Amino acid sequence: MEQIVQQIEQYKQEMQAFEAHTPDLVEAFRIKYLGTKGLVKTVMGEMKNVPVEQKKAFGQVLNEFKEFAEQRYALLKEHAGEQTDTGTSAKDITLPGDLFPVGTRHPLNLVKNQIISIFRRLGFAVAEGPEIEDDWHNFGAMNLPEDHPARDMQDTFYINQNPDWLLRTHTSSVQARVMENQKPPIRVICPGRVYRNETISARAHCFFHQVEGLYIDENVSFADLKQTLYFFVQEMFGQHVKVRFRPSYFPFTEPSAEMDISCQICGGEGCNICKHTGWVEILGSGMVHPKVLENFGIDSTKYTGFAFGMGVERITQLKYQVNDLRLYSQNDVRFLKQFTGVI
Ligand code: 2U9
């Protein structure tokens with residue numbers, strides 16, 4: 001028995017000296033001393049070899065030994081946990097960090113920012129204005145007097161009547177305010193939300209987003225308009241894109257034209273998206289009507305200008321094949337997540 005007691009003392013010293021900085025080392029301690037084939041069990045097996053009169057005393061030694069091993073194990077476990085928490089353990093700091101979800105910009109903002117950045121490079125400033133407008137800035141100044149039939153297509157929501165305050169139907173009202181406060185040369189784009197009294201469907205909504213542009217100076221021509229918009233389209237959709245202008249009518253521009261681009265889905269061959277024409281409409285444009293210039297005290301014999309307007313939803317639809325306008329405002333993350341990584 002003397003020999004075993006000495007052996008136990010030696011084991012205790014070993015346990016005392018055992019250092020465990022990581023959970024793996026703590027587990028190694030447990031297996032070595034407290035496991036089913038561990039030293040505590042092995043030493044307990046010696047009970048059968050101890051003479052009967054010494055069994056009681058040896059039992060006490062064994063119990064103390066077991067308790068010692070258990071206490072030491074508990075201490076090592078606690079200590080290793082602390083070290084892991086404070087980052088002083090053998091944690092591999094070169095491992096990649098935990099991923100956490102990153103949001104994404106809304107597709108309409110992505111496209112709006114792209115449009116702005118293209119026109120900025122051509123020297124256009126950005127202007128913003130109120131969404132609640134008076135009748136003059138939204139309609140009157142834009143050559144849309146009361147009872148003008150074109151007002152029908154731009155029916156909106158009225159906040160107040162007499163005086164009329166309404167939700168703007170286009171961002172032309174912002175250009176109007178720029179013209180009120182600034183003399184030519186004026187080169188500005190106006191992004192923003194606009195409203196129309198429409199039944200909501202895949203193709204129409206009661207609000208959408210526009211970017212309108214205005215360039216007024218001496219000698220601004222229709223050729224400037226065409227080249228500016230051609231540059232925009234090439235930057236937005238690629239150098240290969242073809243454009244065509246079709247005559248149109250807007251009360252605030254004369255002459256007016258709508259611009260089509262070659263269909264990006266079929267490359268101009270003809271498909272469902274372009275209704276088998278090979279072309280899709282992208283924006284409206286024209287030379288600013290002399291009456292609109294005069295409304296702001298700008299001499300129309302000296303200055304000319306061009307203007308254009310586009311729907312951001314329309315450009316986004318063509319760029320990313322989004323075929324239902326309602327998706328933009330439903331906040332469905334399955335839709336929004338698809339734009340992760342688009343800058
Ligand atoms: C001023 C003078 C003229 C802005 C213009 C368009 C043509 C046009 C539509 C495109 C799709 C609206 O979003 S849409 O439905 N816009 O076709 N807008 S010219 O003309 C102006 C603006 C301001 C002072």
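The values are calculated or read from the model by the stated rules, or taken from the named source; none is laboratory data. Here the structure is a predicted model, which is why all the values come from computation and not from measurement. Cβ coordinates were reconstructed from backbone atoms using ideal geometry, including for glycine residues, and neighbour counts include every protein chain displayed.
Which of the residues that make up region 105-145 are within 16 Å of the ligand (Cβ to nearest atom), in a loop (DSSP other than H, G, I, E, B) and closer than 30 Å to ARG334 by Cβ?
Passing the criteria: only GLU131.
Could you look through region 164-179, keep only residues that are hydrophobic (A, V, I, L, M, F, W, C) and within 9 Å of the ligand (Cβ to nearest atom), and pick out the one that is farthest from VAL194 (Cα to Cα)?
Per the stated criteria, the residue is MET179.
Of everything in region 239-277, what is of a type in the set (Gly, Ala, Ser) and either over 30 Å from LEU214 (Cα atoms) or away from the ligand (no atom under 12 Å from the Cβ) (or both)? Give them in sequence order.
SER262, GLY267, GLY268, GLY270
For ASP24, work out the one condition from (1) outside any loop (DSSP other than H, G, I, E, B); (2) within 30 Å of GLY341 (Cβ to Cβ) it doesn't fulfil.
Evaluating ASP24 over (1) outside any loop (DSSP other than H, G, I, E, B); (2) within 30 Å of GLY341 (Cβ to Cβ) leaves (2) as the failure.
Taking region 187-201, which residues are near the ligand (Cβ under 9 Å from one of its atoms), touching a helix residue (DSSP H, G or I) at 6+ places or on another chain (Cβ under 8 Å) and among the hydrophobic types (A, V, I, L, M, F, W, C)?
Hit for region 187-201 is CYS190, nothing else.
Which condition number in (1) touching a strand residue (DSSP E or B) at 6+ places or on another chain (Cβ under 6 Å); (2) at pLDDT below 95 is the one that GLY286 fails?
Failing condition for GLY286: (2).
If you go through region 203-223 one residue at a time, do you hit one that is assigned by TED's automatic domain parsing to the domain that holds GLY286, more than 12 Å from the ligand (Cβ to nearest atom) and among the aromatic types (Phe, Trp, Tyr)?
yes
Is it the case that ARG30 is outside any helix (DSSP H, G or I) and at pLDDT 90 or above?
So ARG30 fails the test.
Among the listed residues LYS291, LYS302, which satisfies the condition of being away from the ligand (no atom under 16 Å from the Cβ), under 25 Å from ILE216 (Cα atoms) and modelled with pLDDT of 95 or more?
LYS302
Which helices (runs of 4 or more DSSP H) sit wholly inside region 229-343 and have at least 2 residues that are outside the structural domain of MET179 (by TED's automatic domain parsing) and not charged (D, E, K, R)?
No helices (runs of 4 or more DSSP H) qualify here.
Please go through region 212-252 and give me each residue that is in contact with a Phe, Trp or Tyr (Cβ under 8 Å, 6 or more places away or on another chain), of a type outside the set (A, V, I, L, M) and crowded, with 17+ Cβ neighbours inside 10 Å, ordered by number.
GLU212, GLY213, TYR215, THR228, PHE232
When you check ILE186 against the structure, is it assigned by TED's automatic domain parsing to the domain that holds PRO130, touching a residue at least 40 places away in the same chain (Cβ under 8 Å) and more than 19 Å from ILE298 (Cβ to Cβ), yes or no?
no
Restricting to region 122-170, name every residue that is in contact (Cβ under 8 Å) with a residue 40 or more places away in the chain and either among the β-branched types (Val, Ile, Thr) or touching a helix residue (DSSP H, G or I) at 6+ places or on another chain (Cβ under 6 Å) (or both).
Within region 122-170, VAL126, ALA127, GLY129, GLU133, HIS137, ALA141, MET142, ASN143, LEU144, THR156 meet the criteria.
Is it fair to say PRO149 is on the phi < 0 side of the Ramachandran plot and not assigned by TED's automatic domain parsing to the domain that holds VAL233?
Answer is no for this residue.
Any residue in region 146-161 that is in contact with a strand residue (DSSP E or B) (Cβ under 7 Å, 6 or more places away or on another chain), within 12 Å of the ligand (Cβ to nearest atom) and not acidic (Asp, Glu)?
no
Check off (1) of a type outside the set (Phe, Trp, Tyr); (2) in a strand (DSSP E or B); (3) under 26 Å from LEU166 (Cβ atoms) for ARG187 and give me the number that stays unchecked.
(3)
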